[in-house]
Amino acid sequence: MTIDSLFDNSFGYLSDDDPVLYLLSLKDQDLDDFLKLLGSTIEQGDMDSRYLLSIAYLEGRGVEKDISKAIGLLQQAAEQKHSEAADFFEFLYNNNNGTFKDYLQSLKVLIKAANRGHLQAQFNLACAYETGEGIAEDLAEAAYWYRRAAEQSHEEAQYLSGLAYSLGKGVSKDPAEAVKWWRLAAEQDRYGYYKAQYSLGCAYRDGEGVGQDYKESAKWILKAAGGGHCEAQFLMGCAYSDGIGISKDLAEAAYWYRSAAECGHGNAQNSLGCAYELGEGVPEDMTEAVKWWRMAAEQGIGSAQYSLGCACKEGEGITKNLVEAVKWWHLSAEQDDKDSQYLLGTAYKEGEGVLREYIEAYKWLNISAASGHKRAKESLDLLETKMTPLQIGEAQKLSREWWLVNRV
């Protein structure tokens, strides 16, 4: 038994054939028989048996839990140069309430196994360096150990190595190197690693580290979408909707929008709502449209807030409610949606769903007009005829203050 074998399963990463895991899996008569066997081999001077029996005493497996006996057995094995026993003995000595599982998760064991080339230990050590959990945060060390694990075909390590090179996180930024690692992870086994497939698809879409190729981008993003990647599902909806890199198919677009929407993707919820509004790929249904717009609007998607406000104003798919319409337009207007700003300004001008207030109306119409909304400019000109110079000056001041906060 070696330290390497301690890193491959949920109980401290034990491998399937490890004697420790075997001991911990035994019950009743089988456990009693195994402990008797350990006793006889201990009499013959076997140090592995002393090590295993110490764990039995520590965990209370087939014997009454007895930390003193466990430490005594460990010390005997350690004095005979049994390396795992020595490491464990030192750990328990320094951690009075420690358990065997704590030991397996300890940094010293992790580093020792990683340096000996153990795959999962290398990955776990990289994670520790990246998060600063139990060790000083060091992105360069994290990148080093991710790469070590990646070189042994650990798919998540390959993905994270690619991410490090893409962001320049612990290594010099290198988009081509990022693509190299993402591709290795994306092509793993039968299905590949969906996060890497998504990143590789985005690289082809943006021409980062590889020649821009929308068809290749759609190929990889589709694989990631099939693996349950929510953002990839939304992007496939967009690709099918616009015919980018793949043949236009509104039914497929609606399918992928729904897949992403059902996992909580706000923009996908908005797009699915629009599909129901227009009958694109799904039957026209304003009630369904409003349902999905509301989900997106509640997540802060400005365009969904605008559409929901319009539905409330017209009473389409929902009971007509001008106050509710103004509420949603206001939220969208604050996100700099010029159409919502125009409708909000109009509501204040006409006193629809809100008290008539010319200064507030001018503010929002002015902001919308500055974004190029032609009807807002026309309404602004008419509104000025109903306002005093003092009111106009106050409204312009409010517009400038909003710009300073939201556009500068």
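Read-outs throughout are calculated quantities, based only on the coordinates presented, and are distinct from any laboratory measurement. This one's a predicted model, so the numbers in the text were calculated from it and none came from an experiment. Counting neighbours? That spans all protein chains shown, and the Cβs are built from the backbone with ideal geometry, glycine included.
What the phi angles of the stretch 284-299 give under the Karplus curve with 6.51, -1.76 and 1.60, with θ = phi - 60°, is a coupling list of 4, 7, 5, 5, 5, 4, 4, 4, 6, 4, 4, 4, 5, 4, 5, 8 Hz, glycine and proline written as x.
Here the Karplus curve 6.51 cos²θ - 1.76 cosθ + 1.60, taken at θ = phi - 60°, turns the phi angles of the stretch 46-61 into couplings of 6, 7, 4, 5, 4, 4, 5, 5, 4, 5, 4, 5, 5, 8, x, 9 Hz, with x standing for Gly and Pro. The distance between label points at ASP249 and ALA370 comes to 4.6 nm (points 7 Å beyond Cα on the Cα→Cβ vector). For the stretch 349-394 and the stretch 265-304, write down the distance between their C-alpha centroids in whole Å. The stretch 349-394 and the stretch 265-304 have Cα centres spaced 30 Å from each other. For the chain, modelled as a GNM whose springs connect Cα atoms under 10 angstrom apart, the maximal fluctuation among LEU38, LEU250, LEU390 occurs at LEU390. Summary value for the chain: 5 percent relative contact order, contacts being C-alpha pairs under 8 angstrom separated by 6+ residues. As an equivalent ellipsoid, the chain spans semi-axes of 63, 25, 22 angstrom, where each value is the square root of five times an eigenvalue of the C-alpha gyration tensor, largest first.
Divided by 2.2 N^0.38 Å, where N counts the residues, the Cα radius of gyration of the stretch 129-227 comes to 1.07.
Residues in the stretch 167-178 carry Karplus couplings, in order, of 9, x, 9, x, 9, 5, 4, 8, x, 5, 5, 4 Hz; the curve used is 6.51 cos²θ - 1.76 cosθ + 1.60 with θ = phi - 60°, and Gly or Pro positions show x. The mean of 1/r over all pairs of different alpha-carbon atoms in the stretch 195-301, once inverted, gives a Kirkwood hydrodynamic radius of 13.6 Å. In summary, the aspartates and glutamates within cross-link reach of LYS374, defined as a Cα separation below 15 angstrom excluding same-chain residues under 8 places away, comprise ASP337, ASP339. Using a cut-off of 32 Å between Cα atoms, the listed pairs LYS36/LYS81; LYS81/LYS169; LYS112/LYS223; LYS338/LYS386; LYS320/LYS363; LYS169/LYS223 include LYS81/LYS169; LYS112/LYS223 as exceeding that distance. Separation of the stretch 165-234 and the stretch 27-81, taken as the distance between their Cα centroids, equals 50 angstrom.
Mind ordering 375-384, 273-282 by average Cβ neighbours within 10 Å, highest first?
The most tightly packed comes first, giving 273-282, 375-384.
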